[in-house]
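Structure record follows, encoded as structure tokens.
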Amino acid sequence: GASCPGGGAGGAPHRPALLQAGAKSDCVLELGAGTGELAIRLAQAGWRNIVATDGEPAVVRNMRYNANANKVGHRVRCLKWEWGDAPPPKLDLGEVDLCLATDVVYYD
């Protein structure tokens, strides 16, 4: 499994099927990636083109650290993206085949 300092969901029952689905060369975009656990697990399962995004710069730095610590930094691009803003220049939404988001709604 992925080692992700800073928290992480972990173990949602739908994840194993997702890890095996699709063409592993598809571009996967994860919104609100947090620690990057899902992106890391996808990369460990053989997916090769993953873009993990979050709106907080410190979270993106930690996500990048986690991807590199799990030796999948070459498969996971970690980008800052506030959803109200235009996509980052390094992200072409036309190339995205699958968009994922988990735990992205929070109530105060």
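Compute the accessible area per residue over the stretch 24-101, keeping the other protein chains in place, probe 1.4 Å, unit Å².
49 Å²
What order do you get for 83-92, 44-53, 64-73, 27-36 when each peptide is scored by the mean count of other beta carbon atoms within 10 Å, highest first?
Result, highest mean Cβ count within 10 Å first: 27-36, 44-53, 64-73, 83-92.
Take residue 104 and residue 24, extend 7 Å from each Cα along the Cα→Cβ direction, and tell me the distance between the two endpoints in nm.
2.6 nm
Which value in nm describes the separation of the simple spin-label points at residue 44 and residue 92, placed 7 Å from the Cα toward the beta carbon?
3.1 nm
Treating the beta-carbon of each Lys and Arg as +1 and of each Asp and Glu as -1, no other charges, what is the dipole magnitude of the stretch 24-101 about its Cα centre, to the nearest 20 debye?
Roughly 460 debye for the stretch 24-101.
The values are calculated or read from the model by the stated rules, or taken from the named source; none is laboratory data. Please read all numbers here as calculations on a predicted model, not as lab measurements. Virtual Cβ from ideal backbone geometry, glycine too; neighbours counted across all protein chains shown. The area values use the complete protein model at the heavy-atom level, side chains included, leaving out ligands, DNA and RNA. Shrake-Rupley method; radii C 1.70, N 1.55, O 1.52, S 1.80 Å.
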